[in-house]
1. I'm trying to understand the selection: among the residues of the stretch 139-166, which are surrounded by fewer than 14 Cβ atoms within 10 Å (Cβ to Cβ) and modelled with pLDDT of 95 or more?
2. What pairs can you find where one residue is in the stretch 85-98 and over 14 Å from residue 62 (Cβ atoms) and among the basic types (Lys, Arg), the other is at pLDDT 95 or above and away from ligand 4 (no atom under 16 Å from the Cβ), and their Cβ atoms are less than 8 Å apart, with a gap of 6+ or different chains?
3. For residue 187, only one of the following conditions fails: (1) away from ligand 4 (no atom under 16 Å from the Cβ); (2) at pLDDT 95 or above; (3) touching an Asp or Glu at 6+ places or on another chain (Cβ under 7 Å); (4) in a loop (DSSP other than H, G, I, E, B). What is its number?
4. In the set 41, 61, which member is surrounded by 12 or more Cβ atoms within 10 Å (Cβ to Cβ), assigned to a loop (DSSP other than H, G, I, E, B) and at pLDDT below 95?
5. Please work out which one of (1) of a type outside the set (D, E, K, R); (2) within 11 Å of ligand 1 (Cβ to nearest atom); (3) touching a residue at least 12 places away in the same chain (Cβ under 8 Å); (4) surrounded by fewer than 13 Cβ atoms within 10 Å (Cβ to Cβ) is the condition residue 108 fails and give its number.
6. Determine, yes or no, whether residue 111 is among the hydrophobic types (A, V, I, L, M, F, W, C) and either in contact with a strand residue (DSSP E or B) (Cβ under 7 Å, 6 or more places away or on another chain) or near ligand 4 (Cβ under 8 Å from one of its atoms) (or both).
7. Please find, within the stretch 94-149, the residue that is farthest from ligand 2 (Cβ to nearest atom) out of those that are under 13 Å from the mean Cα position of the chain (by Cα) and charged (D, E, K, R).
8. I want to confirm something. Restricting to the stretch 174-191 and keeping residues that are within 18 Å of the chain's Cα centre (by Cα) and among the aliphatic types (A, V, I, L, M), which single residue is farthest from ligand 2 (Cβ to nearest atom)?
Amino acid sequence: MFSEAPFRGHMRSIPLVCIGITFCAVFCAGVLNAESAPPSATPQKPASTSATNAKTPIEPADNSYCYVCHRNYEKEKLTVIHTPAGIGCEKCHGVSERHSSDEDGITPPELMYPAVKINPFCIECHAVDPLRNRPEHQAALALLREKDPAKILTAGGVTKRLCTDCHGDHRLKVRTRRWDKATGKLLSDDGVRMMETGKPATLK
Ligand code: HEC
Ligand code: HEC
Ligand code: HEC
Ligand code: HEC
């Protein structure tokens, strides 16, 4: 019942903490830090999940910080349905201060989602029971019981079983760099620096 107000206060304090972490990471860990997994590479359970029990009005999420480079997400459906509920990029991907201030674009965001993590993440907020009513949801719900990542995209010839297969258009069509979504390790980089226009993440 009272979950919303303290949570929002907490969100405001994150950037300061994050700057602290950033400086510490830069000065204490140096180059080592780039090779090791980011502290929060796996999704964390959101502090507040229900919009319906909040008494205070919900402020829409402010994604402007991320739109500086990810302008192409401004009208994307997964973003659009969550923004009015106060759930923005930072809620799902972390504040990602180091990622956002790296003009070379090789520092990963704090939270990424390998396929195996996507459905469990969505149902942290969306109760399973109401989803059962739709035939479209059966494969996605069955997947929650599947532990073998190799089967995630292939089992039974079903192609749409990740929540993001059907909801939104959230995947980048072209990648200029790739990280291991579980560890944050940089796997490939086209070498073209970020602030140039016309690159996927900077589409205007
Ligand atoms: C300075 C530019 C810049 C800013 C600001 C920025 N990003 Fe990124 N982001 C990038 C680049 C570059 C990529 C790689 C895109 C590609 O492959 O072409 C990326 C990729 C990502 C990815 C994909 C990770 C994956 O799973 O592979 C996520 C998630 C992401 N950014 C989240 C965010 C969030 C959240 C913010 C705001 C807090 C943000 N970004 C702000 C440049 C930026
Ligand atoms: C409700 C949670 C949620 C919100 C809000 C959200 N994302 Fe994501 N994002 C995800 C999930 C889950 C994935 C993994 C999707 C997949 O691989 O199918 C993802 C993947 C991505 C990717 C990588 C896609 C790829 O091709 O690998 C980028 C880039 C990204 N998000 C950027 C953003 C930006 C920028 C915002 C805000 C404008 C944002 N996201 C808002 C949950 C979210
Ligand atoms: C942090 C909590 C949270 C997470 C994580 C989250 N959602 Fe949501 N989602 C909400 C809230 C709150 C709303 C708006 C209120 C509502 O309609 O339930 C919403 C709305 C939606 C809607 C529209 C619901 C409707 O009735 O039309 C869809 C579809 C949806 N989310 C899908 C997803 C998917 C897919 C994921 C995983 C990528 C996801 N959500 C992750 C909280 C979350
Ligand atoms: C095969 C496609 C498909 C997959 C996979 C899928 N959905 Fe849906 N979902 C739909 C359709 C179609 C609707 C009804 C139209 C709409 O709201 O987009 C829907 C509706 C919803 C709604 C609105 C409430 C409702 O039942 O009308 C939520 C919330 C939702 N889905 C969440 C999820 C989550 C979370 C996952 C992953 C566990 C998921 N969906 C996987 C197709 C899918």
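1. First, pick out the residues of the stretch 139-166 that are surrounded by fewer than 14 Cβ atoms within 10 Å (Cβ to Cβ): 144-145, 147-151, 154, 156-157, 159-160, 166.
Selection gives 166 alone.
2. Short answer, once both residue conditions are applied: 98/107.
3. Checking residue 187 against (1) away from ligand 4 (no atom under 16 Å from the Cβ); (2) at pLDDT 95 or above; (3) touching an Asp or Glu at 6+ places or on another chain (Cβ under 7 Å); (4) in a loop (DSSP other than H, G, I, E, B), the one that fails is (4).
4. Values: 61 fails: at pLDDT below 95.
From the options 41, 61, the qualifying one is 41.
5. Status for residue 108: all satisfied but (4).
6. Details: among the hydrophobic types (A, V, I, L, M, F, W, C): yes; either in contact with a strand residue (DSSP E or B) (Cβ under 7 Å, 6 or more places away or on another chain) or near ligand 4 (Cβ under 8 Å from one of its atoms) (or both): no.
No.
7. Taking the candidates together, the pick is 110.
8. Looking at residues that are within 18 Å of the chain's Cα centre (by Cα) and among the aliphatic types (A, V, I, L, M), I get 186.
The values are calculated or read from the model by the stated rules, or taken from the named source; none is laboratory data. It should be emphasised that the depicted structure is a prediction, and the values quoted were computed from it without experimental measurement. Every residue, glycine among them, receives a Cβ derived from its backbone with ideal geometry; neighbour counts consider all protein chains shown.
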